[in-house]
1. Quick check: residue separation of residue 209 and residue 324 times 0.36 nm, minus the Cα distance between them. What number comes out in nm?
2. For the charge dipole of the chain, defined by +1 on Lys and Arg C-beta atoms and -1 on Asp and Glu C-beta atoms about the Cα centroid, which residue among 311, 328, 494 has the Cα displaced farthest towards the positive pole?
3. Past 25 Å, Cα to Cα, is the threshold; run 120/161; 140/431; 301/361; 193/301; 168/324 against it and keep the listed order.
4. For segment 183-210, list residues with backbone N below 11 Å from a point placed 7 Å from the Cα of residue 260 toward its Cβ?
5. Give me 423, 106, 510 sorted ascending by neighbouring Cβ count inside 10 Å, so fewest comes first.
6. Picking from 60, 166, 156, whose Cα lies most toward the positive end of the charge dipole for the chain (charges on Cβ: Lys, Arg +1; Asp, Glu -1)?
7. State, to one decimal in nm, how far the label point of residue 235 lies from the label point of residue 293, with both points 7 Å from Cα in the Cβ direction.
8. Taking R0 as 35 Å, what FRET efficiency do you get between residue 115 and residue 391 from their Cβ-Cβ distance, rounded to the nearest 0.05?
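None of the figures in this text is laboratory data; all of them are computed from the coordinates on show. No experiment lies behind these values; they were computed from the predicted model shown. Cβ: placed from backbone, ideal geometry, glycine included. Neighbour counts: every protein chain shown.
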Amino acid sequence: MTVSRRDLLKFAALAAASAGALPLSGCESITSSASKFLGEGIPSKVSVCAGTVVDRDFHFLSRATYGLWPGDLDYLKSVGRNKWLDEQLHYEKIDDRACDLRARRFETLWLDTGTCFEYKKTVLRDELVRHMLLRAIYSKRQLYEVMVGFWSDHLSIDVGKGDAIYAKATDDRTVIRGHAFGRFQDLIAASAKSAAMLIYLDGNENRSAAHPTAQNIPNENYARELLELHTMGVDGGYTQSDVYEVARCLTGWRIRTPWQRGQIYFEAAEHDDGAKVVLGKTIAAGGGERDLDSVLDIVCKHRSTARHIATKLLQHFVSEEPPKAMINRVAKVFTATDGDMRSVLKSVFSDKQFDQFATTKIKRPFHFIASSLRALAADTHAHSSLTEYLNRMGHAPFQYPTPDGYPDQSSYWLSTLLWRWNFALSVCSNKVPEVTVELPELATAIGAATKDVKTKTLTKPQLDCLFSHFVGRQPTSSERSTFFDYLATSKSESDPCPELVGLILSSPAFQRC
């Protein structure tokens with residue numbers, strides 16, 4: 001990014017004007033002001049939906065992003081879904097400098113694995129989590145960030161295991177983010193040779209059984225998860241024999257230590273170079289490190305893999321129980337394009353059944369927090385006062401204890417609703433330290449400003465505008481009555497907006513997407 005001297009002077013002026021209102025360090029105040037200067041603010045006018053059912057474009061954005069930033073719906077309606085989707089799929093052309101100002105500050109994310117060993121694990125973990133949350137909140141490359149989250153679960157690595165945390169930043173940068181919209185087989189190949197994955201699923205301990213001893217036998221952990229989770233699925237048709245043969249193919253991949261610490265290399269002496277049979281296909285002897293490519297050619301092109309990935313994508317973006325016909329259509333595109341994720345995602349969002357599933361999913365905690373902050377146009381740098389809510393709700397990134405990743409089933413997350421309510425009411429009242437929301441500015445933009453902040457009264461049009469902005473439809477008469485009844489009994493003597501918006505974010509209507 002290139003910033004002129006004139007830009008810097010404007011940034012400084014903006015920061016000076018706002019520093020007294022923002023509970024942030026001076027550097028973060030400047031960053032917040034500069035981000036707004038680059039377009040990360042609330043438009044002067046934001047349209048809201050007038051219908052009694054969730055607007056179809058609002059639903060589309062609720063699934064393809066981490067939530068609607070004020071003005072997102074207006075932009076989509078002005079350009080159409082196809083253009084919006086094409087822009088998102090070619091994310092590298094989207095100007096994301098405002099987000100970069102907040103998210104690129106974490107130095108450990110850009111270091112090689114060996115250098116990361118010089119940092120405390122808590123520092124590495126906190127920077128990983130803060131970076132992912134800030135990208136989810138502020139990036140204009142929203143579909144890309146959603147897919148980064150999807151692949152982080154699909155290729156889940158718990159940074160609490162062993163030394164995995166020292167290699168996770170490189171894995172996130174070069175594997176997940178480097179291949180989020182690429183060819184599926186390239187993603188899996190990069191993951192297979194990731195130090196973080198080799199540590200997490202014991203690939204570094206996988207040795208040839210040519211001279212078997214207690215320590216010198218194939219380790220099947222990664223081979224099993226490669227088939228069961230990463231490619232074919234638990235019902236994909238492989239056998240225990242296939243797991244063992246795949247493990248043999250993957251012997252010999254190592255992580256250097258201490259010299260060039262963290263780098264991956266192939267140790268031919270520890271590789272089983274004999275012939276193998278995987279899913280009925282023979283891999284000839286003498287392949288060496290090429291055995292990995294041979295395995296991936298077999299499993300990534302298997303029809304079970306196409307179906308497994310199609311199903312998981314549809315469960316994430318459409319429904320926990322996607323229609324079989326929809327699975328078949330997406331799997332067909334996966335196969336026809338050799339796993340090109342841009343083509344596959346386009347088939348998901350353009351499917352004729354996509355719009356039938358509005359409000360059928362419950363947001364996972366990460367999605368809930370990100371969507372709340374995006375809808376509020378909040379200003380934050382994701383300090384522990386915010387990320388602790390992710391811990392309380394059980395959804396801290398990169399910390400799920402098993403390799404299947406955080407569940408996409410609503411039932412798993414229903415026990416954390418109390419923390420959601422606490423967060424919603426606190427953030428709207430500016431009671432989450434180092435998170436600032438400007439509800440008067442937002443209310444003015446959507447036509448719901450209260451003229452007298454000293455009164456508790458709120459008109460029906462004001463309530464309807466606020467509700468529609470966050471939910472994508474007008475409230476029902478029952479919902480409207482509930483909100484007004486609550487405000488009538490509230491002891492607050494000030495502007496009713498913070499309390500009301502907190503209730504809206506806590507409501508079932510906002511929890512669903």
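1. Separation in residues times 0.36 nm, less the Cα-Cα distance, equals 37.2 nm.
2. Final value for the positive-end residue is 494.
3. Details: 120/161 15 Å; 140/431 27 Å; 301/361 30 Å; 193/301 19 Å; 168/324 35 Å.
From 120/161; 140/431; 301/361; 193/301; 168/324, over 25 Å: 140/431; 301/361; 168/324.
4. Residues passing the 11 Å test: none.
5. Final ranking by Cβ density, sparse to dense: 106, 510, 423.
6. The Cα lying farthest towards the positive end belongs to 60.
7. The modelled label-to-label distance comes out at 3.5 nm.
8. 0.85
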